[in-house]
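Engineer: Got a structure here, written out as structure tokens. Questions coming.
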Amino acid sequence: QVQLVESGGGLVQAGGSLRLSCAASGGTFSSYAMGWFRQAPGKEREFVAVITWSGARTYSADSVKDRFTVSRDNAKNTVFLEMNSLKPEDTAVYYCAAGEWRKVLQRLPDYWGQGTPVTVSS
């Protein structure tokens, strides 16, 4: 079965950087977009960023677009989220997702990872 496994989360000070990784396995992802979502305690899960299979097109939420960069390594079926200038408000569990581009944009990906927590301290 398809599995998405996130890694790279942890504790970082405000202003610091962190890179998250998501490894996909168990399926063919050549036509899939890969995205990132996050959910803070007491809040709804929100969209962060998405990237096409080719990597030619990306889209990020306004809250992170100037600080976060999404990329992918297709040979390893892995997507990354480079987070810079982190703020305490970025604290959340970050989830990897995969699916058709339009479904990811609609917040309806076909597959979810288990999440990796990110904590940004002041």
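Engineer: Just to check your reading of the model, which residue among Gly27, Gly8 is surrounded by 12 or more Cβ atoms within 10 Å (Cβ to Cβ) and at pLDDT below 95?
Structural biologist: Numbers: Gly8 fails: at pLDDT below 95.
Being surrounded by 12 or more Cβ atoms within 10 Å (Cβ to Cβ) and at pLDDT below 95 holds for just one of Gly27, Gly8, which is Gly27.
Engineer: I'd like to verify a number: residues in region 100-120 that are more than 18 Å from Ser63 (Cα to Cα), open to solvent by less than 40 Å² (accessible area, probe 1.4 Å) and in contact with a Leu (Cβ under 7 Å, 6 or more places away or on another chain), how many? Write out each step before concluding.
Structural biologist: Pass one, region 100-120, residues more than 18 Å from Ser63 (Cα to Cα): 100-103, 108-117.
Then drop every residue that is not open to solvent by less than 40 Å² (accessible area, probe 1.4 Å), which leaves 109, 113, 115-116.
From what's left, in contact with a Leu (Cβ under 7 Å, 6 or more places away or on another chain): 113, 116.
The total comes to 2.
Engineer: Have a look at Ala33, Ala75 and point out the one that is out of contact with any His (no Cβ under 8 Å at 6 or more places or on another chain), surrounded by 13 or more Cβ atoms within 10 Å (Cβ to Cβ) and aliphatic (A, V, I, L, M).
Structural biologist: Working: Ala75 fails: surrounded by 13 or more Cβ atoms within 10 Å (Cβ to Cβ).
None of the others qualify; the one that does is Ala33.
The values are calculated or read from the model by the stated rules, or taken from the named source; none is laboratory data. All values derive from a computational prediction rather than experimental measurement. Every residue, glycine as well, gets a Cβ built from its backbone with ideal geometry; the counts of neighbours run over all protein chains shown. Surface accessibility is based on the protein's heavy atoms, side chains included, excluding ligands, DNA and RNA. Shrake-Rupley method; radii C 1.70, N 1.55, O 1.52, S 1.80 Å.
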